[in-house]
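Here's the structure we're looking at; comments come further down.
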Amino acid sequence: MQQLDNQEILMKLKSSKQFWDIKKKIKKGFNDQQKIGVNDIQKFAQSCEIEDQLTNLISHILKKSKKRETLKEDQIDFLNTSKIKWTELLFKNLDIVHQKTKNQEEDDTNTDSKLYIYDEKNLLAFLQTFKQQQSSALYQNVQFQSNKLLNINIPLKSSQQILDKYQYLLLQEELQDEKINKIRKQIENEHLDIELEKIAQTFVPNGERCLLYLKYFEFDHQETILQQNFTKLQKECLHQLFYDELLEIDGHEISEDTFYFVFQEQILTCLKCFIRDKTIKENIRIQLQNGIKKEHTEFQLPITGFFPFKNISKYVAPLCYLSTKIHIIYALFKEFFCRYFCFLHAISSENNSILSLCMQIEEIISTNSPKLFHHLKVIGCDTLKLIIHQLIYCFVGDMDPPHILTIYDQIIGHDSLEILVILCVGFLNKYKSKLLLAKNYENVQQIFQELREDKFQELVQFAYKQ
Amino acid sequence: MQNKKLKWKSDFEKSVIIENFVNRGWIKSQEKEEEQTDWNVYWATVWNVRNIFNPKNGFRLNDQQIINHFPNHYELTRKDCMVKNLKRFKREQDKEVLETFNFDFLPTTYIFPGEYSLFVEEFHRNPNQTWIVKPAARSQGKGIFLLRKIQQLKKISGTTVTSNMTQLNLASKENYVVSRYIDNPLLIGGKKFDLRMYVLVTNYKPLKVWIYNKGFGRFCNEQYTTDVAEIENMFVHLTNVAIQQYSDKYSQKHGGKYSIDALKLYVESAYGTDALNKMMDDIHNIMLTSLKSVQAVIQNDKHCFEMYGYDILLDSNLKPWLIEINASPSLTTTTPVDKNLKMNLINDVYNIVLPNDDFPDNDQKQQQPTKVGGFTLLYDENLDPNNRKTQKRQSVKIWK
């Protein structure tokens with residue numbers, strides 16, 4: 001564990017607005033007193049809670065300085081076993097995909113967009129199998145919960161807690177220019193991540209978003225290093241990998257998107273570098289595949305430790321708005337993926353994992369909109385099947401870029417993906433009246449094929465509507 | 001509230017025009033070709049407008065008729081006339097004490113054949129400069145080419161052209177404009193694009209201008225390069241949809257059109273809010289200055305309005321350059337998003353020129369709100385004719 005010395009801690013403190021506020025308070029407390037001893041300051045600090053604030057600040061700095069460790073083992077054994085099974089399944093899929101590409105080359109046919117190792121439907125279908133496989137001891141109250149798609153006994157935050165946490169978003173108002181300028185100055189001057197998180201929770205001006213993200217990830221003075229690293233990776237791309245072909249196919253969908261088609265080449269370049277980046281394995285917060293080395297297979301896992309999946313391009317696309325420099329876009333994408341998006345593809349009981357998020361959504365909808373929950377089940381279109389695409393890809397392709405970037409702000413702001421639960425609930429509530437009239441899955445598909453515009457604030461409002 | 005069943009006529013079989021008429025419950029005019037009386041709203045070709053306003057035809061529009069072009073719109077929308085009028089206006093403004101207009105948005109341009117010798121002098125002064133040659137009155141990228149050698153002008157003269165010639169005889173009767181090629185365009189994803197923006201003028205004297213909040217960038221399908229070997233590759237250099245649609249990389253889904261909202265988000269996020277604001281101010285300046293330059297020469301008529309398609313190119317410093325102004329911007333829709341945009345655009349045009357399906361009198365025109373649908377009032381000379389700078393600042397705030 002990396003430890004900071006006192007000098008380093010002081011430097012980090014000095015880069016925080018909160019530190020200078022505390023200092024101002026202390027100075028004010030002593031007015032024009034000439035001689036002030038350490039004991040005097042300590043007494044004063046204790047009397048008006050400044051000591052607590054300073055302690056929290058320092059412990060946060062120390063916590064952040066700890067080197068991030070990748071979560072490999074889950075607290076629930078069953079999920080560790082499942083991860084192995086999932087990896088085996090993906091290896092099989094890889095073989096099938098490889099065979100398909102070989103056949104296509106021989107037949108000289110057009111590229112099939114179904115050439116991917118797994119998509120969100122595959123992942124959800126796999127998670128569903130847990131219900132049948134676990135011992136009864138792991139079930140929650142089976143009778144009561146049996147109508148849910150996912151029904152696993154994992155430690156889950158209460159859904160009311162999540163709803164309460166994000167309720168402040170209902171009170172967000174359009175800010176005046178003066179307030180926006182104040183926030184701009186705050187972002188320019190602030191370096192401490194908890195302060196940046198607070199800003200990200202409320203409002204991030206478009207012009208300062210990239211700076212906030214770079215500061216939060218501590219990249220703001222590292223441009224040269226980022227550029228050098230990226231250039232090295234680009235050179236490695238000259239040596240073609242089979243996965244490159246899958247990434248090129250994945251890029252077809254983004255190349256048809258009216259908001260992202262202009263970035264098609266940049267997205268592909270970023271992804272090709274990504275699957276060659278050795279540092280990802282040590283930076284990623286959670287292990288996605290268990291890295292079992294298969295014998296007698298032509299391909300092993302990429303050096304990242306996980307397979308690229310369908311629509312991986314979607315995670316890069318919104319970040320292309322933030323900078324003209326590809327090495328910056330890459331650095332931001334890598335950080336977002338390693339910290340957050342990886343959980344959307346992890347077989348895990350962690351709070352941010354796809355499993356937990358899905359269960360939270362089912363819990364809220366089955367409790368707050370039981371009619372909708374039941375109706376969707378009856379017409380063969382479970383709640384989660386309807387929402388899984390939006391959830392896994394953070395609504396990219398469903399919302400316009402400004403709203404996606406607001407989602408990314410909230411993810412940073414709370415260091416969590418829970419905002420996706422709120423938005424998924426809101427999405428289902430928004431279309432509730434139409435969904436209740438749907439008689440089958442085709443009707444449901446038609447509802448979502450119409451030209452629609454889903455907005456961040458609108459979905460938040462709907463999430464809390466009864 | 002719609003309360004009148006107006007009669008409409010259209011020279012275009014475009015759904016965005018006709019559906020808008022039909023949605024309002026207006027009735028299609030059943031008049032014969034030679035009659036010009038039985039319509040209230042006419043979406044006409046520029047040629048029919050010219051015929052209608054031709055004094056020889058002895059036809060006068062009545063108070064219940066409105067048409068979509070000013071009689072001599074070509075002063076603004078023919079490339080050679082636009083250049084001529086801007087240069088004239090600049091000369092006039094240079095004599096003024098107060099500098100109120102910025103003209104630094106028109107690339108150095110010469111009109112052929114008249115200014116050929118001036119061009120040759122400039123050409124020799126800057127031998128590494130690329131020029132773009134365009135027919136003055138054509139559209140959709142037809143007849144356009146990039147010029148690096150004087151000899152290339154054989155394309156338009158029909159005979160060999162050498163650098164010591166002092167005049168140029170053109171094979172056809174049409175004029176050409178030759179402009180300095182902006183070879184450092186702003187690129188997104190490595191590709192060149194230009195902007196199509198919509199401006200509605202409901203009156204020239206006094207000038208009243210509305211700007212539409214939706215528009216789009218038109219992207220080339222090939223990566224931009226200044227490589228001389230690619231100078232004739234129109235898929236690299238010309239952004240016209242009419243050209244790009246033939247690229248094998250053309251997508252039916254987005255048609256190479258990138259919304260102006262997305263572009264503004266990109267510029268603000270990647271370059272900063274101040275950079276975006278300056279860029280928009282400069283674009284508004286182009287629109288106002290170009291319209292002001294023809295204000296004195298355009299035949300103003302209360303029966304007329306005109307919706308222009310402004311083509312603007314951004315360079316790598318985010319500086320906008322005026323390419324041309326279209327009197328009849330395409331109303332063909334290439335994608336669902338495109339259709340949505342143009343349907344709303346035409347709908348909003350009618351909401352301004354015929355509020356409540358009626359012909360507004362002067363008082364009603366004065367009382368119009370500054371925002372109607374996607375249109376925002378950019379300039380109204382009536383409000384403060386002596387303080388144009390104040391107008392510009394206000395209009396920027398309205399746009400936001």
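The values are calculated or read from the model by the stated rules, or taken from the named source; none is laboratory data. Everything quoted here is computed from the prediction, not taken from an experiment. In this analysis, Cβ positions are derived from the backbone assuming ideal geometry, glycine residues included, and neighbour counts consider all displayed protein chains.
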Being facing another protein chain (nearest Cβ under 7 Å) and in a helix (DSSP H, G or I) is the filter; apply it to region B:249-276 and report the residue that is surrounded by the fewest Cβ atoms within 10 Å (Cβ to Cβ). B:THR273
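Please state which one of A:VAL421, A:VAL444 is in contact (Cβ under 8 Å) with a residue 40 or more places away in the chain, within 30 Å of A:GLU195 (Cα to Cα) and either in a helix (DSSP H, G or I) or touching a helix residue (DSSP H, G or I) at 6+ places or on another chain (Cβ under 6 Å) (or both).
That would be A:VAL421, the only listed residue that is in contact (Cβ under 8 Å) with a residue 40 or more places away in the chain, within 30 Å of A:GLU195 (Cα to Cα) and either in a helix (DSSP H, G or I) or touching a helix residue (DSSP H, G or I) at 6+ places or on another chain (Cβ under 6 Å) (or both).
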Any residue at all in region B:354-373 that's crowded, with 21+ Cβ neighbours inside 10 Å and either modelled with pLDDT of 95 or more or part of a helix (DSSP H, G or I) (or both)? no
Matching residues, region A:186-208, being within 14 Å of chain B (Cβ to nearest Cβ) and touching a Ser or Thr at 6+ places or on another chain (Cβ under 6 Å): A:ASN206, A:GLY207
Specify the residue that is farthest from A:ILE183 (Cα to Cα); the eligible residues are those in region A:17-60 that are surrounded by 15 or more Cβ atoms within 10 Å (Cβ to Cβ) and of a type in the set (Val, Ile, Thr). A:ILE41
Where B:ARG393 falls short, out of the listed (1) within 14 Å of chain A (Cβ to nearest Cβ); (2) at pLDDT below 95; (3) closer than 26 Å to B:PHE12 by Cα: (3)
Within region A:93-175, helices (runs of 4 or more DSSP H) holding 2 or more residues that are at pLDDT 90 or above: A:120-128, A:159-165
Examine region A:282-298 for a residue that is in a helix (DSSP H, G or I), surrounded by fewer than 21 Cβ atoms within 10 Å (Cβ to Cβ) and modelled with pLDDT under 95, and state whether such a residue exists. yes
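Among the helices (runs of 4 or more DSSP H) contained in region B:3-122, which hold 2 or more residues that are farther than 30 Å from B:ASP315 by Cα?
Correct list: B:15-23, B:46-52.
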Just to be sure before I move on: is A:LEU357 over 28 Å from A:HIS98 (Cα atoms) and within 14 Å of another protein chain (Cβ to nearest Cβ) in the structure I sent? no
Wholly inside region B:158-214, strands (runs of 3 or more DSSP E) that include 2 or more residues that are without any contact (Cβ under 8 Å) to a residue 60 or more places away in the chain and either polar (S, T, N, Q) or within 14 Å of another protein chain (Cβ to nearest Cβ) (or both) are B:191-204
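Could you please let me know if B:PHE21 is buried (at least 16 other Cβ atoms within 10 Å of the Cβ) and modelled with pLDDT of 90 or more?
So B:PHE21 passes the test.
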Verdict on A:PHE336 being assigned to a helix (DSSP H, G or I) and over 13 Å from A:GLN266 (Cα atoms): yes
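Regarding B:ILE66, is this residue buried (at least 17 other Cβ atoms within 10 Å of the Cβ), over 30 Å from B:ASP361 (Cα atoms) and touching a Phe, Trp or Tyr at 6+ places or on another chain (Cβ under 9 Å)?
Spelling it out, it is not the case that B:ILE66 is buried (at least 17 other Cβ atoms within 10 Å of the Cβ), over 30 Å from B:ASP361 (Cα atoms) and touching a Phe, Trp or Tyr at 6+ places or on another chain (Cβ under 9 Å).
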Given the conditions (1) more than 14 Å from chain A (Cβ to nearest Cβ); (2) of a type in the set (Asp, Glu); (3) in contact (Cβ under 8 Å) with a residue 24 or more places away in the chain, which single one is not true for B:GLU230? (3)
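May I ask you to say which residue of A:GLY426, A:GLY413 is in contact with an Asp or Glu (Cβ under 8 Å, 6 or more places away or on another chain), within 26 Å of A:LEU196 (Cα to Cα), more than 14 Å from chain B (Cβ to nearest Cβ) and not in a strand (DSSP E or B)?
A:GLY413
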Picking from A:THR55, A:THR70, which residue would you name as being closer than 29 Å to A:ILE422 by Cα and at pLDDT below 90? A:THR70
Return a yes/no flag: does region A:388-402 have any residue that is part of a helix (DSSP H, G or I), more than 21 Å from A:LEU163 (Cα to Cα) and away from chain B (no Cβ under 14 Å). yes
Residue in region A:222-270 that is farthest from A:GLN104 (Cα to Cα), counting only those that are in a helix (DSSP H, G or I), in contact with a Cys (Cβ under 7 Å, 6 or more places away or on another chain) and more than 14 Å from chain B (Cβ to nearest Cβ): A:PHE230
Out of region B:224-241, which residues are surrounded by 14 or more Cβ atoms within 10 Å (Cβ to Cβ) and not hydroxyl-bearing (Ser, Thr, Tyr)? B:GLU230, B:ILE231, B:ASN233, B:MET234, B:PHE235, B:VAL236, B:HIS237, B:LEU238, B:ASN240, B:VAL241
Would a scan of region B:339-362 turn up a residue that is within 14 Å of another protein chain (Cβ to nearest Cβ) and free of Cβ contacts under 8 Å to residues at least 24 places away in the same chain? yes
Are any of the residues in region A:403-424 touching a strand residue (DSSP E or B) at 6+ places or on another chain (Cβ under 7 Å) and over 17 Å from A:GLN201 (Cα atoms)? no
Of the residues A:ILE388, A:ILE419, A:ILE404, only one is crowded, with 22+ Cβ neighbours inside 10 Å, modelled with pLDDT of 95 or more and touching an Asp or Glu at 6+ places or on another chain (Cβ under 6 Å); which? A:ILE388
